[in-house]
Every structure is written in C-alpha cells, then in structure tokens.
Amino acid sequence: MQESFEISASTGRYPVTVGQNLFSQLVAENPDAIYIIDKILEPRLPASVTRRIVIEALESNKSLEFAPHVIKELRKLGADRTSHLFAIGGGIIQDITTFAASIYMRGVEWTYLPTTLLSMVDSCIGGKSSINAAGYKNLVGNFFPPNNVVVDVSFIDTLDAEMIVGGLYEAGKICYASGYQGFLEYLAQEPARAMTAEQAQRVILKSLHTKKWFIEVDEFDRKERLLLNFGHTFGHALEAATEFAVSHGIGVGLGMLVANEYARRHGNLTSDGLERADHLASHVRALLGSGASSCLPPGLPMIDLALVMDKFDYDKKHRPGFYRIIVPSGDGGLELISVPKTDEVRRNIVAAYEAALGDIPWPFARPERAALAS
C-alpha cells in the first residue's frame with residue numbers, strides 16, 4: 001500500500017509518494033538519468049545505469065569545498081539543462097544534490113529518494129540545502145525543491161539503531177512543534193527502534209503531513225517554520241564540536257534535552273508546560289536507552305563544552321549581540337527567544353548542557369570560567 005500527496009512550493013507543486021519496494025521501479029523507469037548515490041548503496045544500482053556519481057556520505061563531503069567535485073562530475077557525464085538528477089541516500093546526499101542541482105547551469109531538475117529514516121520523516125520535503133563551510137555546520141545553503149520525492153520504506157531495514165533513533169527524534173520534534181496534541185497523535189503511531197513496515201510508514205506519513213503545513217505556510221523560514229529548529233541550535237554545536245561523532249539525528253535529540261533544561265531553569269513554563277516538556281524529554285531518553293541498551297556507539301570522544309560554545313556562538317540563526325534559540329514556553333508550546341550574549345547567559349547555557357548530558361553515557365569537559373568570556 002502506498003500513499004501520495006503534494007507539496008506546494010514557490011517553484012510549483014511536487015508529489016511525494018510513500019510506500020514499499022519503489023526503488024527498482026524508479027530506476028527502471030529512468031535509465032538515462034544521472035544518479036547521485038551514497039557509496040554504500042551503489043551495489044543496488046543495476047550495471048546498466050552508467051551515469052552515476054558515487055559519494056561517500058561523510059559530513060566532510062557535505063561542504064562548500066566538495067561542491068566543485070560534484071560539478072566537475074556532472075560536466076563529465078554530459079549534464080545539461082535538460083538533464084534530470086536522482087539523489088539516492090540520506091540527508092548528506094540530499095544536501096549535496098540540492099546544492100549542486102540549484103547552481104549547475106542555474107538549475108536542473110531533480111528527484112529525491114531518501115534512504116535514512118531521518119531524511120524520510122523530515123528533510124525530503126522543504127527544498128533546503130545546508131552545506132558546511134570553514135568548519136562550521138550548515139553555514140551556507142539555499143532553497144531548491146525537488147521535482148519529485150519517492151520514499152521507499154523498505155530501506156529502513158538497512159539502518160542501525162542509532163540511525164532509527166535519530167530519525168525518530170526529528171519526527172517527534174516536528175510533531176511536538178505543531179502542538180502537544182500533534183505530539184500525542186504521533187506517539188499513537190507507535191514510533192520505536194524496532195518497527196514493522198506498516199508502523200514505519202504511519203510514522204513517516206504523520207511526520208511529513210505535519211511538516212507539510214509548516215513549509216507551505218512559511219517556505220523560506222521567516223516565522224512558523226523556524227520552530228522546526230527546536231533542538232538544532234544546541235545539537236549542531238555538539239555535532240561540530242565532536243567533528244560529527246555526534247550524528248545529526250542524535251544531536252537533535254540531545255539538543256531538545258538541552259533546550260528543555262534551559263527553559264526549565266530560565267523560562268516561564270507553567271505546570272502543564274513542565275509536564276509536556278518532560279513528556280517529550282522522557283520519550284527522547286527512552287529511545288536513546290542506557291547501558292547495554294544504549295543506541296550510542298562505543299568509544300565516544302570527549303565533548304569539550306568550551307568548543308561546543310565556540311560552535312554555538314557562530315550558529316547562523318543568531319543575531320549581533322543576541323542568541324536566538326527555540327525553547328518550550330508557557331503551556332509547553334515552542335517559542336523563539338532572544339537572549340543577550342553575556343558571560344552569565346553563556347554560563348547558563350553550559351549549565352543546561354551539563355544537566356542534559358549528565359545522565360547520558362557521553363563524557364564531557366566543563367570549560368573554565370575564563371573560556372566563557374566573550
């Protein structure tokens with residue numbers, strides 16, 4: 001069983017299809033397209049597909065410095081303005097392809113087939129590219145929606161627990177951002193580390209239908225869609241400071257915990273708001289697991305909170321003199337707040353990181369007081 005719906009974008013409407021075993025059909029119907037594919041997935045392409053660009057899905061390749069390589073490969077394959085690109089992979093492949101498709105000959109059409117749960121529930125719609133530059137996470141990018149999105153749920157069988165949990169963090173974030181009732185409806189779809197194909201499809205559709213509202217009312221991140229940055233500002237800093245040993249999905253989950261902790265200490269949450277924020281935090285921690293059941297990989301590197309704060313300082317969402325962060329407020333709904341870039345605020349943010357990470361098996365080092373000085 002598959003389901004289709006459409007997204008309205010400034011460039012027009014594009015279809016999204018969610019179902020099982022769609023990959024082979026897609027390739028068979030488009031033998032002459034150019035395929036940009038994750039190196040791990042290349043064996044799935046039939047030998048008859050000769051126009052391919054194989055990319056190792058590393059954060060270092062999702063960078064401004066790597067973009068010229070993709071452009072050169074497109075030129076070698078004879079790509080022109082009538083060519084159609086197919087991106088097959090997770091968010092890294094999507095970001096690379098979105099960016100390349102938008103700038104090659106001022107724009108070529110492209111289709112996205114997401115293969116990670118995170119990209120299936122979130123990034124596959126919305127049309128944003130986010131590219132690392134100069135050692136900072138997602139410092140550059142643009143908007144260039146695909147012409148088509150095909151979500152083959154069957155790829156979930158290839159994912160490990162960490163990747164499943166990271167995807168569920170994004171889905172939970174999206175639904176919580178829509179309101180507490182939306183989060184409860186999401187939980188009713190039974191998101192879990194181990195899901196049947198039917199469960200996974202329900203989770204994906206709930207997340208995408210929820211995100212559809214955000215991107216259609218605010219395609220260019222001016223107002224409502226900004227709430228989807230919940231967990232990202234705190235999480236991106238963890239990712240960058242650990243050279244991406246903290247994966248994006250896990251970073252978002254940990255970032256939500258930090259945001260909740262900051263709001264608990266310095267926000268205006270009501271008793272209902274505290275209960276709802278705690279419900280989300282409990283869900284995040286339960287998925288993460290602990291001890292032998294933790295989804296985190298062994299041999300975790302030290303998290304240097306002084307470096308985390310350096311990365312946090314340079315997040316593109318901040319403004320001169322102010323940090324801009326998304327936190328639960330009032331009865332638990334999300335709010336974009338601005339707080340001054342003072343030493344006291346920086347210490348408060350570090351304290352929120354410490355409290356949120358305190359019962360997670362990831363070692364961290366607290367910065368000296370002097371290291372927090374502006």
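The values are calculated or read from the model by the stated rules, or taken from the named source; none is laboratory data. Predicted model only: the values in this text are computed from it and were never measured. FYI the Cβ positions are ideal-geometry reconstructions off the backbone, even for glycines, and counts take in every protein chain you see. Areas reflect the complete protein model, heavy atoms only, side chains present, ligands, DNA and RNA absent. Shrake-Rupley method; radii C 1.70, N 1.55, O 1.52, S 1.80 Å.
Remarks
Conditions tested, residue by residue: (1) open to solvent by 10 Å² or more (accessible area, probe 1.4 Å); (2) within 25 Å of Asn132 (Cα to Cα).
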| residue | (1), (2) |
| --- | --- |
| Gly166 | no, yes |
| Tyr169 | no, yes |
| Ser178 | yes, no |
| Ala200 | no, no |
| Leu205 | yes, no |
| Glu239 | no, yes |
| Ser247 | yes, yes |
| Tyr262 | yes, no |
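- Of the candidates Ile93, Ile36, the single residue that is at pLDDT 95 or above, surrounded by 19 or more Cβ atoms within 10 Å (Cβ to Cβ), in a helix (DSSP H, G or I) and not basic (Lys, Arg) is Ile93.
- First in the stretch 276-300 and within 16 Å of Leu187 (Cα to Cα) and among the charged types (D, E, K, R), second anywhere and assigned to a loop (DSSP other than H, G, I, E, B) and at pLDDT 95 or above, Cβ under 8 Å, 6 or more apart: Arg276/Asp331; Arg276/Gly332
- The residue that is nearest to Asp310 (Cα to Cα), among those in the stretch 135-148 that are open to solvent by less than 30 Å² (accessible area, probe 1.4 Å) and touching a Ser or Thr at 6+ places or on another chain (Cβ under 7 Å), is Asn138.
- With respect to (1) open to solvent by 40 Å² or more (accessible area, probe 1.4 Å); (2) among the hydrophobic types (A, V, I, L, M, F, W, C); (3) within 20 Å of Leu45 (Cβ to Cβ), the lone exception for Ala87 is condition (1).
Residues checked against (1) surrounded by fewer than 19 Cβ atoms within 10 Å (Cβ to Cβ); (2) farther than 14 Å from Phe234 by Cβ; (3) not aromatic (Phe, Trp, Tyr):
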{"residue": "Val308", "(1), (2), (3)": "no, no, yes"}
{"residue": "Tyr323", "(1), (2), (3)": "no, no, no"}
{"residue": "Ile326", "(1), (2), (3)": "no, no, yes"}
{"residue": "Ser329", "(1), (2), (3)": "yes, yes, yes"}
{"residue": "Leu334", "(1), (2), (3)": "no, no, yes"}
{"residue": "Val345", "(1), (2), (3)": "yes, no, yes"}
{"residue": "Leu357", "(1), (2), (3)": "no, no, yes"}
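- Any chance Asp315 is touching a residue at least 40 places away in the same chain (Cβ under 8 Å), over 30 Å from Ala188 (Cβ atoms) and in a loop (DSSP other than H, G, I, E, B): yes
- Hits in the stretch 221-237 - residues which are open to solvent by less than 30 Å² (accessible area, probe 1.4 Å) and at positive phi: Gly231
- The residue pairs whose first member lies in the stretch 1-20 and is in contact (Cβ under 8 Å) with a residue 60 or more places away in the chain and closer than 15 Å to Thr210 by Cα, whose second member is in a strand (DSSP E or B) and among the aromatic types (Phe, Trp, Tyr), and whose beta carbons are closer than 6 Å, counting only pairs six or more residues apart or on different chains, are Ile7/Tyr14; Val16/Phe5.
- Among the candidates Asp152, Asp157, the residue that is among the acidic types (Asp, Glu), open to solvent by less than 10 Å² (accessible area, probe 1.4 Å) and over 17 Å from the mean Cα position of the chain (by Cα) is uniquely Asp152.
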